[in-house]
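*Asks:* Following this message is one structure expressed as structure tokens.
The values are calculated or read from the model by the stated rules, or taken from the named source; none is laboratory data. Please read these numbers as outputs of a predicted model, since none were measured by experiment. Every residue, glycine as well, gets a Cβ built from its backbone with ideal geometry; the counts of neighbours run over all protein chains shown. Quick note on the areas: whole protein, heavy atoms, side chains included, nothing else; ligands and nucleic acids left out. Shrake-Rupley method; radii C 1.70, N 1.55, O 1.52, S 1.80 Å.
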Amino acid sequence: MNAQPSSHVDAARLQRRHQALAAIGATAAGGVDRQALSAGDAQAMALLVQWGRERNFTAALDAVGNLFLRRPGSQPQQPAVLSGSHLDTQPGGGRFDGSYGVLAALEALEALEDAGLPCRRGIELVAWMNEEGSRFAPGMMGSAVLSGGRTLAETLAVADAAGVTVERALQQVKQALPPLDDRPFGTPVHAYVEAHIEQGPVLEQVGIPLGVVSGIQGKHTFRVEVRGEAAHAGTAPRRQRRDALLAATAMVQAMSAEFQDEADLTKFTVGRFTVFPNAPSVVPRQVSFSIDLRHPDSAVLRAASARVAAICAAARGPCEVQVERLVAADAVTFDAEIRARIHTAAERLGVTRLDLPSLAGHDAGLVSQVAPSGMIFIPCHLGITHHEQESAEMEHMVTGARVLADVLYGLAR
Ligand SMILES: [Zn+2]
């Protein structure tokens with residue numbers, strides 16, 4: 001068998017780096033608060049650049065703040081292989097979401113160096129700007145701009161709650177970093193592989209250390225406005241009322257019943273529900289609510305999504321209803337060859353694995369629009385994530401990094 005970089009993955013080094021990164025923005029309860037383009041995010045980026053430079057990897061930043069560390073290939077004109085994730089966290093986030101994929105990619109690059117294995121293609125580690133979307137909304141900004149889903153101008157103009165724009169925050173981040181190369185948009189990418197904690201309980205429950213991600217479930221969102229008429233809660237006869245709340249709750253119940261399936265794959269959530277005037281003795285004249293509808297199969301999702309307006313209309317009673325679809329992100333199916341490469345690399349290492357869809361969104365879903373992409377999952381304790389108690393086993397982190405290293409080598413050699 002040919003030499004593989006997996007045998008040079010260094011568990012102690014990975015653990016040291018994991019601890020050093022988790023210390024930046026560490027919270028008292030053991031989590032991390034390192035929101036996009038914050039001082040902590042800049043510090044994490046600077047540390048990554050320092051680790052890369054210690055191995056002679058070149059560092060570059062693109063105009064939206066995605067950070068790249070490049071291990072050059074022998075044929076620089078060949079598009080590079082990309083791997084990474086994100087350094088930003090939710091305000092009360094954990095130590096693994098995002099940072100694991102960045103560190104696994106770095107470990108893979110270092111293992112290739114230690115093994116002395118040259119590659120035809122360069123391999124680039126990428127830390128995507130603002131995956132989480134908590135400080136600047138929406139999330140996955142960096143990968144959206146790189147893959148052409150959003151423009152640079154509209155992204156730089158987004159402001160946080162304090163009125164600070166992405167553009168301004170990015171300038172501050174750059175001041176905290178050493179001078180870096182510019183990486184132009186449109187730089188071709190040969191393939192992208194992202195390692196991540198599952199953020200769900202499946203792998204842990206079945207006792208399998210590695211997930212080969214089949215794709216990312218699609219998500220459609222809506223805003224529903226129900227209009228009735230305000231009236232006195234004591235004097236208005238009930239038969240004559242146009243109660244927007246009763247109509248809205250009937251719609252929610254009807255959709256909840258309709259969007260169910262045996263395998264529990266259809267996810268239907270009403271997370272925001274606003275009543276006007278929201279006064280105890282006034283019949284509600286208006287209700288606004290949100291719908292978040294998800295499914296791993298685009299055809300099923302689109303069919304369910306297409307029924308939302310009709311179900312709401314059928315349940316409106318004497319009120320009026322307006323349904324607006326805000327997001328229609330279809331499901332992503334990852335590249336078959338990348339998935340096969342992950343299976344093959346794991347097989348060679350004797351690692352059991354499970355094919356499973358990702359129920360959370362990831363940068364890889366957007367990157368898949370411009371390059372063949374795939375993802376590797378490792379188990380996440382109890383599926384707890386976006387939470388300070390988020391946790392993963394070092395043993396699984398090492399297994400994921402070993403598989404990733406061999407997959408990247410196979411794509412780049
Ligand atoms: Zn993440």
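*Asks:* Give me the pairs, please: first residue somewhere in the stretch 316-340 and closer than 30 Å to Leu356 by Cβ, second residue anywhere and open to solvent by 90 Å² or more (accessible area, probe 1.4 Å), beta-carbon distance under 7 Å, and either six or more positions apart or on two chains.
*Replies:* From residues that are closer than 30 Å to Leu356 by Cβ, the pairs are Leu326/Arg223.
*Asks:* When only residues in the stretch 135-146 that are aliphatic (A, V, I, L, M) and either within 13 Å of the ligand (Cβ to nearest atom) or assigned to a loop (DSSP other than H, G, I, E, B) (or both) count, which is modelled with the lowest pLDDT?
*Replies:* Ala137
*Asks:* Check whether at least one residue in the stretch 147-168 is in contact with a helix residue (DSSP H, G or I) (Cβ under 8 Å, 6 or more places away or on another chain) and within 16 Å of the ligand (Cβ to nearest atom), and report yes or no.
*Replies:* There is no residue in the stretch 147-168 that is in contact with a helix residue (DSSP H, G or I) (Cβ under 8 Å, 6 or more places away or on another chain) and within 16 Å of the ligand (Cβ to nearest atom).
*Asks:* Report yes if Arg348 is closer than 30 Å to Ser143 by Cα, of a type outside the set (Val, Ile, Thr) and in contact (Cβ under 8 Å) with a residue 12 or more places away in the chain, otherwise no.
*Replies:* no
*Asks:* I'd like to verify a number: residues in the stretch 375-413 that are assigned to a loop (DSSP other than H, G, I, E, B) and open to solvent by 30 Å² or more (accessible area, probe 1.4 Å), how many?
*Replies:* 9
*Asks:* Modelled with pLDDT of 95 or more, part of a loop (DSSP other than H, G, I, E, B) and crowded, with 23+ Cβ neighbours inside 10 Å, is that true of Asp41?
*Replies:* So Asp41 fails the test.
*Asks:* Residue under question is Glu132, and the condition is that it be touching a residue at least 60 places away in the same chain (Cβ under 8 Å), assigned to a helix (DSSP H, G or I) and either within 16 Å of the ligand (Cβ to nearest atom) or not polar (S, T, N, Q) (or both); does it hold? Walk me through it before giving the result.
*Replies:* Working: touching a residue at least 60 places away in the same chain (Cβ under 8 Å): yes; assigned to a helix (DSSP H, G or I): no; either within 16 Å of the ligand (Cβ to nearest atom) or not polar (S, T, N, Q) (or both): yes.
Criteria not met by Glu132.
*Asks:* I'd like the full set of residues that are in a loop (DSSP other than H, G, I, E, B) and within 16 Å of the ligand (Cβ to nearest atom), limited to the stretch 348-363.
*Replies:* Matches in the stretch 348-363: Leu359, Ala360, Gly361, His362.
*Asks:* Which residue pairs have Cβ atoms closer than 6 Å, lie 6 or more positions apart in sequence or on different chains, and pair a first residue in the stretch 352-374 that is closer than 11 Å to Ala144 by Cβ and open to solvent by less than 10 Å² (accessible area, probe 1.4 Å) with a second residue that is away from the ligand (no atom under 15 Å from the Cβ) and not in a strand (DSSP E or B)?
*Replies:* Every condition considered, the pairs that remain are Val367/Ser147.
*Asks:* Still on this structure, please answer the following. Looking only at the stretch 334-360, how many residues end up being within 21 Å of the chain's Cα centre (by Cα) and over 24 Å from Phe222 (Cβ atoms)?
*Replies:* Summing the residues that are within 21 Å of the chain's Cα centre (by Cα) and over 24 Å from Phe222 (Cβ atoms) in the stretch 334-360 gives 9.
*Asks:* Which residues, taken from the stretch 69-86, are under 21 Å from Gln35 (Cβ atoms) and more than 10 Å from the ligand (Cβ to nearest atom)?
*Replies:* Within the stretch 69-86, Gly84 is the sole residue that qualifies.
*Asks:* Quick one: which strands (runs of 3 or more DSSP E) lie wholly within the stretch 173-268 and hold at least 1 residues that are touching a residue at least 40 places away in the same chain (Cβ under 8 Å) and of a type in the set (S, T, N, Q)?
*Replies:* In the stretch 173-268, 210-216, 218-227 are the strands (runs of 3 or more DSSP E) which contain 1 or more residues that are touching a residue at least 40 places away in the same chain (Cβ under 8 Å) and of a type in the set (S, T, N, Q).
*Asks:* Being closer than 30 Å to Ala306 by Cα and crowded, with 20+ Cβ neighbours inside 10 Å is the filter here; which residues of the stretch 328-351 pass it? Show your work before the answer.
*Replies:* Of all residues in the stretch 328-351, those closer than 30 Å to Ala306 by Cα come to 328-336.
Within the stretch 328-351, Ala331, Val332, Phe334 qualify.
*Asks:* Inside the stretch 176-210, can you point out the residues that are in contact with a Lys or Arg (Cβ under 7 Å, 6 or more places away or on another chain) and open to solvent by less than 50 Å² (accessible area, probe 1.4 Å)?
*Replies:* Residues satisfying the conditions are Ile208, Leu210.
*Asks:* May I ask you to list the residues in the stretch 276-311 that are under 15 Å from Arg242 (Cα atoms), open to solvent by less than 40 Å² (accessible area, probe 1.4 Å) and hydrophobic (A, V, I, L, M, F, W, C)?
*Replies:* Scanning the stretch 276-311 gives Val283, Val287.
*Asks:* Please identify the pairs in which a residue from the stretch 36-57 that is touching a residue at least 24 places away in the same chain (Cβ under 8 Å) has its Cβ atom under 6 Å from the Cβ atom of a residue that is part of a helix (DSSP H, G or I) and open to solvent by 20 Å² or more (accessible area, probe 1.4 Å), counting only partners at least 6 apart or on another chain.
*Replies:* Close Cβ pairs (under 6 Å, with a partner that is part of a helix (DSSP H, G or I) and open to solvent by 20 Å² or more (accessible area, probe 1.4 Å)) amount to Arg55/Glu113.
Table: residues versus (1) of a type in the set (Gly, Ala, Ser); (2) farther than 25 Å from Arg168 by Cα; (3) open to solvent by less than 10 Å² (accessible area, probe 1.4 Å).
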residue: Gln78; (1), (2), (3): no, yes, no
residue: His86; (1), (2), (3): no, no, yes
residue: Pro91; (1), (2), (3): no, no, no
residue: Gly94; (1), (2), (3): yes, yes, yes
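*Asks:* Got at least one residue in the stretch 315-327 being hydrophobic (A, V, I, L, M, F, W, C) and surrounded by fewer than 17 Cβ atoms within 10 Å (Cβ to Cβ)?
*Replies:* yes
*Asks:* Of everything in the stretch 290-347, what is among the hydrophobic types (A, V, I, L, M, F, W, C), closer than 30 Å to Gly400 by Cα and part of a helix (DSSP H, G or I)? Give them in sequence order.
*Replies:* Ala336, Ile338, Ala340, Ile342, Ala345, Ala346 - these are the residues of the stretch 290-347 that are among the hydrophobic types (A, V, I, L, M, F, W, C), closer than 30 Å to Gly400 by Cα and part of a helix (DSSP H, G or I).
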